[in-house]
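Okay, so here's the structure we're looking at.
Read-outs throughout are calculated quantities, based only on the coordinates presented, and are distinct from any laboratory measurement. What you see is a predicted model, and the numbers here were worked out from it, not measured in a lab. Backbone-built Cβ (ideal geometry, glycine too); neighbour counts: all protein chains shown.
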Amino acid sequence: MKILVVEDSDRLGRFLQQGLSECSYTVNWVRSCAAANDALVDTNYDAIVLDLGLPDGDGLDLLKSWRAGGFKEPVLILSARDGVQDRVKGLDLGADDYLPKPFSLEELLARVRSLVRRQSTTKQVVLEHAGIKLDLLSHTVQNNGQPVDLTSREYALLEVFMQNQGRILPRTLISEKIWASHFDVDTNLLDVYMSRLRSKLETSGKTIFKTVRGVGYQMV
Ligand code: CA
């Protein structure tokens with residue numbers, strides 16, 4: 001799952017980035033309306049965490065323009081403006097949830113899970129392939145009934161494959177989905193993660209991840 005965090009406070013942005021990353025979300029943190037719009041042109045996100053007071057505008061105007069443009073992904077507003085009117089306005093403009101500052105990380109994570117769950121009513125929550133079960137809500141993985149301990153990046157990588165079973169995935173596409181920005185993408189690092197994932201999941205000697213020379217990988 002990839003989350004866009006729009007927050008101009010360094011302290012809070014870092015806190016959100018770290019907290020969400022530790023829960024296996026891939027996080028792209030931007031600090032302004034302009035950067036948020038750029039990020040959305042570039043990549044698809046599963047949810048957006050949006051601060052309202054931004055240096056180059058108001059998050060509510062940003063949200064309004066996204067919704068007017070047909071953007072449907074869930075948006076969670078984070079704001080120090082916690083009056084009833086502010087909340088109503090945010091929700092009326094198309095926010096899916098509103099969390100007043102200050103908030104606990106635990107609550108934020110619960111709200112994000114709930115957004116993803118609502119999103120998932122039409123999608124599957126547990127993905128299965130070749131004896132592997134990946135639970136999108138609890139972020140847990142089982143292989144032939146046995147729990148598998150994955151790091152958050154390994155989990156994110158596996159999720160990309162489980163969402164695209166049988167498809168040949170180009171390296172750049174995989175990297176783009178599991179790292180926050182193009183600048184972070186190091187394709188050698190992808191091979192390192194692939195070999196870790198293989199060693200944890202291809203335990204019965206069966207090939208699950210096929211290397212497609214010159215292109216990328218395929219879950220078979
Ligand atoms: Ca702010």
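Around Thr203, under 15 Å between beta carbons, what's the net of Lys plus Arg minus Asp minus Glu among the other residues? List each step's numbers first, then the result.
Numbers: positive: Lys133, Arg196, Arg198, Lys200, Lys206; negative: Asp149, Glu154, Glu202.
Net local charge, Thr203 excluded: +2.
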Relative contact order of the chain (C-alpha contacts under 8 Å, at least 6 apart) in percent is 16 percent
The stretch 2-121: relative contact order from alpha carbon pairs under 8 Å, six or more residues apart, as a whole percent, is 23 percent
Using Cα atoms only, what is the angle between the long axis of helix 10-22 and the major principal axis of the chain, expressed in degrees (0 to 90) to the nearest 10? 30 degrees
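Can you say what percent of the DSSP beta bridges in the chain, counting only those with both residues inside, are antiparallel? Round to 5.
Working: 20 of 37 bridges.
Just about 55 percent of them are antiparallel.
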Under the rule a/c < 1.5 gives rounded, and otherwise a/b versus b/c splits prolate from oblate, where does the stretch 2-121 land using the Cα gyration tensor? rounded
Beta bridges by DSSP in the stretch 2-121, antiparallel share as percent, to the nearest 5: 10 percent
May I ask for the angle, rounded to the nearest 10°, between helix 33-42 and the longest principal axis of the chain, with both axes built from Cα atoms and the value confined to 0 to 90°? 30 degrees
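Among Ile3, Ile168, which comes first, then next, by fewest other beta-carbon atoms within 10 Å?
The most exposed by this proxy come first: Ile168, Ile3.
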Using the crude model of +1 on Lys and Arg Cβ and -1 on Asp and Glu Cβ, and no other charge, please compute the dipole size for the chain relative to its Cα centre, in debye to 20. 800 debye
The chain: proportion of alpha-carbon pairs further apart than 27 angstrom, %: 35 percent
Amide hydrogen neighbours beyond the local backbone of Ala47, cut-off 5 Å, H modeled: Lys2, Leu4
If amide H atoms are modeled at 1.01 Å from N in the peptide plane, then the residues at a separation of 5 or more from Tyr98, or on another chain, having amide H under 5 Å from its own are Ile77
Go through the stretch 3-8 residue by residue and turn each phi into a ³J(HN,Hα) via Karplus (6.51, -1.76, 1.60, θ = phi - 60°); whole Hz please, and just put x for glycine and proline. 10, 9, 9, 10, 7, 8
Residue of Gly19, Gly69, Gly59 that the Gaussian network model of the chain assigns the largest fluctuation, springs spanning Cα pairs under 10 Å: Gly69
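Once you sort the root eigenvalues of the Cα gyration tensor of the stretch 126-219 as a ≥ b ≥ c, which label holds: rounded (a/c under 1.5), prolate (a/b larger than b/c) or oblate (the other case)?
Numbers: a/c = 1.73, a/b = 1.37, b/c = 1.26.
The shape class here is prolate.
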To test your reading of the geometry: what angle, between 0 and 90 degrees and rounded to tens, separates the Cα axis of helix 152-163 from the longest principal axis of the chain? 80 degrees
